[in-house]
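Read through the structure below, which is laid out as structure tokens, and then see the notes.
The values are calculated or read from the model by the stated rules, or taken from the named source; none is laboratory data. These numbers were taken from a predicted model, which means no experiment stands behind them. All Cβ positions, glycine included, derive from the backbone under ideal geometry; neighbour counts span all protein chains shown. For the accessible areas, the whole protein counts, side chains as well, though only heavy atoms, and no ligand, DNA or RNA atoms are used. Shrake-Rupley method; radii C 1.70, N 1.55, O 1.52, S 1.80 Å.
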Amino acid sequence: MEQLLHHLRNLGFTEIESKIMVDLAEHGPAGGYEVAKRLGASRSNVYAAMQRLERQGALERMDGEPVRYRSLKPEELTRMISGRVEASLAFVEKSLPRSSGTAAPFLSMEGDQAVLDVLVRELKRAKREIVVDVWREEASLLREPLAEAEARGVKVLWACDGPDQGLSRTLAWPGWSDLADRRAGGRKFSFVVDRQWCILGMRGGDYDTGAVITEHPVMAELLLHHFTQEMVLFQLEQDMGEQLEERYGEHFGLIQSEYLNAEPEAEAQEDQEGQAASPITRPLTEDKGDPEEEVNGNSNRNTA
């Protein structure tokens, strides 16, 4: 009984209203005097509550005198409550003022459990697509919510690194430590849900788990472009691995050396071999044709 009263109160009925509804459902149609006597409550309070319940549609008033009320059938009551709640939710969603967009679009979050909890919550909310870029350790933790998403029709796209390949193509920017040291710093992960909600973070290693969460379109675009480029590069390596390494060196080192402050020995070797300057390093004043044509010619490179 107490549990039933608790749930009726959760649905918006007062304590006395809940007791009246249960009493009438149990004993059948009755007037206010009878109900008040059984409940040991004030007759004026019972009469007022029964009139409110009638106006809400939770009780029906019977013909004749004295005034008597009867409860709805359980399925009728729940259908009435469900319709009322759904109508209110729809109105609130439509009418509640929305954010003006002036609030900070990036949220920083720390703590392993806090990050995992918010990530699982958003995966459960996904409607169309989840783009995943994780290491195997994080993939195993999130396998269940991702499987649930797939089961309800959400498209899940995976990019999963492991200890034998993680960071293998990371550019060797000057000042960074070697690959082993960078791995000790943690494993990166990123998720894009429905091409809108994004999380980018690091877990494990020498740092506490932390992440940045946002719905800013720039972050979504960057993460999706990165995923697309990784996908294309992976397929190229599968199909043409030996040729690519022969042409560009291990981990595309020759390409990196063109853009990342090459050592003097490499610069001297490049001069001797007569290689052309990188397009990025060319002076802007150089006349290289119509820039608009060049942009249009490359417009499809970064589309997902």
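Listed by position, the helices (runs of 4 or more DSSP H) inside region 1-56 whose residues that are open to solvent by less than 10 Å² (accessible area, probe 1.4 Å) number at least 2 are 15-27, 32-39, 43-56. Pairing each residue of region 103-126 that is farther than 20 Å from MET219 by Cα with any residue that is of a type in the set (Lys, Arg), provided the two are 6+ apart or on different chains, yields C-beta distances under 9 Å for ASP112/ARG203. Looking only at region 208-221, residues that are over 20 Å from GLU110 (Cβ atoms) and touching a strand residue (DSSP E or B) at 6+ places or on another chain (Cβ under 9 Å) come to 1 in all.
Just so you know, in region 121-158 the residues that are within 14 Å of ARG203 (Cβ to Cβ) and assigned to a helix (DSSP H, G or I) include one that is most open to solvent (accessible area, probe 1.4 Å), and it is ARG136. In region 104-113 there is at least one residue matching the filter, namely being out of contact with any strand residue (DSSP E or B) (no Cβ under 9 Å at 6 or more places or on another chain), part of a helix (DSSP H, G or I) and either open to solvent by 60 Å² or more (accessible area, probe 1.4 Å) or modelled with pLDDT of 90 or more (or both). Among the residues examined, LEU96 qualifies as aliphatic (A, V, I, L, M) and surrounded by fewer than 14 Cβ atoms within 10 Å (Cβ to Cβ).
Counting only helices (runs of 4 or more DSSP H) that fall entirely inside region 186-304 and contain at least 2 residues that are aromatic (Phe, Trp, Tyr) and either surrounded by 13 or more Cβ atoms within 10 Å (Cβ to Cβ) or at pLDDT 50 or above (or both), the qualifying elements are 217-248.
All of GLU75, GLU65 fail the test of being loosely packed, with under 14 Cβ neighbours inside 10 Å and assigned to a loop (DSSP other than H, G, I, E, B), apart from GLU65.
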